[in-house]
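Asker: Sharing a structure below in structure tokens format, with a few things to ask.
Every number in this text was worked out from the coordinates using simple rules, so none of it is lab data. Everything numeric here is computed off the predicted structure, so don't read it as measured data. All Cβ positions, glycine included, derive from the backbone under ideal geometry; neighbour counts span all protein chains shown.
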Amino acid sequence: MSRYEQYPDCEGVEYFLAEDGRLVAMVVRSSFESLALFPPFLEPTAEGAGQEAREAALERERNAKAVMTPPEFPLQITLLNRDPDKVLKPHYHSAFGAPAGKVRHQIMVTLRGRMRVGVYTVENDYLGQADLEPGDLILLTEGHSIEFLEPRTKVFEIKQGPILAGGADEMTRLGMQR
């Protein structure tokens, strides 16, 4: 069983799960601090040589980096908690295959104001809502509605591309009643 088959309960993270257990939405509050519950992925090494180095690296990263989404998700959420002396050398992340699935994932980060996000499965099951405040983030993997609760609410929306010109085919409307 992977560590994401059971989502850890912790302060500052909320999950919306479909009846079959699939993750439909994940809210990460600006107050989240439990990095050690989401240890970084490190490449496995053979037993013996290198094992101690791998364990030491994992221990150093335990409270500095939280990998919060399953590795197969097309959008990844990683929280970094670094001190000024930490420097990452120039790098890029190689693509290794297109994500599968019929629904594009998206992340929304509230910068200013407040908004309410209703969470739905693609089968139109209503799973609940999340009220987001500045600094809060939500990962959406299926259906959703959005209600802006304050004037000039400002939100970053990050989703998989490409986006079709004009966005005409971008959204499939659910019969959402809530």
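Asker: Can you tell me the FRET efficiency between residue 157 and residue 52 if r is taken as the Cβ-Cβ distance and R0 is 30 Å, rounded to the nearest 0.05?
Answerer: According to the calculation, E is roughly 0.10.
Asker: Given an 8 Å cut-off on Cα distances and at least 6 residues of separation, report the relative contact order of the range 13-167 as a percent.
Answerer: 25 percent
Asker: Loop-only trypsin sites (Lys or Arg not before Pro) in the range 76-148, please: DSSP not H, G, I, E or B, and at most 10 other Cβ atoms within 10 Å.
Answerer: Values: sites: 82, 86, 102, 104, 112, 114, 116; in loops: 82, 86, 102, 104, 114.
Loop-located and lightly packed - 82, 86, 102.
Asker: Suppose the chain between residue 111 and residue 80 were pulled fully straight at 0.36 nm per residue; how much longer would it get relative to their current alpha carbon spacing?
Answerer: Values: separation 31, 0.36 × 31 = 11.16 nm, distance 1.82 nm.
Computed gain between residue 111 and residue 80 is 9.3 nm.
Asker: Using the per-residue mean of other Cβ atoms lying within 10 Å as a proxy for protection, in what order, highest first, do the peptides 58-71, 16-29 fall?
Answerer: Sorting 58-71, 16-29 by mean packing, highest first, produces 16-29, 58-71.
Asker: What dipole magnitude, in Debye to the nearest 20, does the range 13-167 give about its Cα centre under +1 on Lys/Arg Cβ and -1 on Asp/Glu Cβ?
Answerer: So the dipole magnitude of the range 13-167 works out to roughly 660 debye.
Asker: Next up: Give, as a single signed number, the net charge of other residues whose beta carbon lies under 9 Å from the beta carbon of residue 25, with Lys and Arg counted +1 and Asp and Glu -1.
Answerer: Residues close to residue 25 contribute a combined charge of -2.
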